[in-house]
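Student: Quick one: this structure, given as C-alpha cells, is what I'll be asking you about.
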Amino acid sequence: MSRRPRIQFVGGVYHCVQHGVNDMPIFRGDPDRELFLAYLGQEIARSEWECLAYSLMRTHYHLLICLTKETLSSGFQRLNGRYAQAYNRVHGRRGHVFEGRFRDVFIESEAHRYEVTRYIHLNAPRVHACERPEEHVWCDYAATVGLADPDPLVDARRALELFGDDLRVARRRYVRFVEEADPRVRRGQTRV
C-alpha cells in the first residue's frame, strides 16, 4: 500500500521531527551536528524554507519550518538522505540511520505556534541535557533571544513576529513566555 502524500502549502508552518532508527544516536559528536547544520542551511536555501526554530538532540532533531514553496517532502528527502549517507561513511556503517519518514505537524494557530516553539527550545532542558535553554548550543534559542550572535539559519525577527514588531520587546516577551510555569501546573491540574 502506498503512502498518502503529505499536505503541504505555501505559507504553512510545520513542526518536523526525525528520530534515529531504534533510538540510535544520529549525532555522535559535534562534527556530526556541524555537518547536519551545514546541510540544513543548504536545504533551507534550495527549498526556500524559512526556519523559525530548531534543536538538535542526541537521537532526534526538531525543526519549525515555514514553506514559501511546496518543498516539504522533497527537501526532507534530500536533507535526510545526504546526512544519512555522510553519517554512514564517517562512522563506517551501513543501513538506515533514520526511523521511517520524518513526522510533520501542521501548525494550525498562533497559540499552537507559541507552544511548539517553546517545546522545541525547552527540549534539551527537559531531558536534562542542560539546565537552561540558552545553554544548549545546538539550538537557535540563545541567538533568537539575543544572548548569542545571530544564527545564520533563523531570522529572529521572523521567528518572534508573534511577540511584537519591536525585536527587543519581542525577545523579552518570548523569554518570559519560555520561563512560565507549565500551564497545567498554573491551573493546578498536575505537578510536573
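Student: Has segment 102-112 got any residue that is closer than 25 Å to Pro25 by Cα, touching a Leu at 6+ places or on another chain (Cβ under 6 Å) and either among the small types (Gly, Ala, Ser) or touching a residue at least 24 places away in the same chain (Cβ under 8 Å) (or both)?
Tutor: Filtering segment 102-112 for residues closer than 25 Å to Pro25 by Cα gives 102-105.
From the residues that got through so far, the ones that are touching a Leu at 6+ places or on another chain (Cβ under 6 Å) too are none.
Among the residues of segment 102-112, not one is closer than 25 Å to Pro25 by Cα, touching a Leu at 6+ places or on another chain (Cβ under 6 Å) and either among the small types (Gly, Ala, Ser) or touching a residue at least 24 places away in the same chain (Cβ under 8 Å) (or both), which makes the answer no.
Student: Shifting gears a bit: Taking interchain pairs and intrachain pairs at least six residues apart, which have beta carbon atoms under 7 angstrom, with the first residue in segment 40-64 and in a helix (DSSP H, G or I) and the second among the charged types (D, E, K, R)?
Tutor: That search, which allows pairs on different chains as well, returns Glu43/Arg78; Ser47/Lys69.
Student: Still on this structure: Sort out for me the helices (runs of 4 or more DSSP H) sitting completely within segment 80-192 that have 3 or more residues that are touching a Pro at 6+ places or on another chain (Cβ under 8 Å) and at pLDDT 95 or above.
Tutor: 110-126, 141-144
Student: To continue, here is another question. Given the criterion free of Cβ contacts under 8 Å to residues at least 24 places away in the same chain and over 17 Å from the mean Cα position of the chain (by Cα), identify the matching residue among Arg82, Arg126, Arg93.
Tutor: Arg93
The values are calculated or read from the model by the stated rules, or taken from the named source; none is laboratory data. In this text, all values refer to a predicted model and were calculated from it rather than measured experimentally. Note that each Cβ is placed from the backbone with ideal geometry, even for glycine, and that neighbours are counted across all protein chains shown.
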